[in-house]
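The values are calculated or read from the model by the stated rules, or taken from the named source; none is laboratory data. It should be emphasised that the depicted structure is a prediction, and the values quoted were computed from it without experimental measurement. Every residue, glycine as well, gets a Cβ built from its backbone with ideal geometry; the counts of neighbours run over all protein chains shown. Keep in mind that these areas ignore ligands, DNA and RNA; they rest on the heavy atoms of the full protein, side chains included. Shrake-Rupley method; radii C 1.70, N 1.55, O 1.52, S 1.80 Å.
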Amino acid sequence: MMANNQANILFNLKSSDIGVPVGDLEIGQMVNVLTLMKQLNRDRRPLTLKNVEWESDYGTNYLDIHITPISDPNHTLIAANLTFIDVTRYTGISSNLAPGNMDVKTTTTCK
C-alpha cells in the first residue's frame, strides 16, 4: 500500500500501514476488497464506484473510487490500483440542482 499525503490525512494512514493489505485497513472496509478483486479477476477491466460515503474526523466526504487491475506478464491478477477522487463538492452542487430544489432564472434576448 502506498498513498500520497492527502490520502494519508483523509484516511488517517500512518507509515506503519505501508505494506499492509488494503483489506486490513479501515479504508478497505469502505470497499469490499475481496469482492472487488474477484470481479477484477473475472472481468479484467477497471471498475468505478461512485459517491462512496466516507466518515472521518474531518466530516463526511463523498468519493469516486477508480479500481484498475494490475496483472503480471502471464495476465494473472496480482494487485489493484485504487484512485480516490473527492467529489464532495460536486455532490453538494448536484443535490442543490435536483428537481424540486432548482431555482432557475431565465432571460430572453431579442434580436
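Residue pairs whose Cβ atoms lie under 8 Å apart, separated by 6 or more positions or on different chains, with the first residue in the range 13-37 and in a loop (DSSP other than H, G, I, E, B) and at pLDDT 85 or above and the second of a type in the set (Val, Ile, Thr) and crowded, with 18+ Cβ neighbours inside 10 Å, are LEU13/ILE27. Only one of the numbered conditions (1) more than 26 Å from TYR90 (Cβ to Cβ); (2) assigned to a loop (DSSP other than H, G, I, E, B) is not met by ALA3, and that is (1).
Tally up the residues in the range 27-55 that are open to solvent by 30 Å² or more (accessible area, probe 1.4 Å) and closer than 13 Å to PHE84 by Cβ, please. Here the count works out to 6. Selection of first residues in the range 66-82 that are closer than 13 Å to LYS38 by Cα and of second residues that are of a type in the set (D, E, K, R), restricted to Cβ pairs under 7 Å at least 6 apart or on distinct chains, gives the following pairs, ordered by first then second residue: PRO69/ARG44; ILE78/ASP72.
In the range 67-100, how many are outside any strand (DSSP E or B), hydrophobic (A, V, I, L, M, F, W, C), open to solvent by 40 Å² or more (accessible area, probe 1.4 Å) and modelled with pLDDT of 90 or more? Counting residues in the range 67-100 that are outside any strand (DSSP E or B), hydrophobic (A, V, I, L, M, F, W, C), open to solvent by 40 Å² or more (accessible area, probe 1.4 Å) and modelled with pLDDT of 90 or more gives 0.
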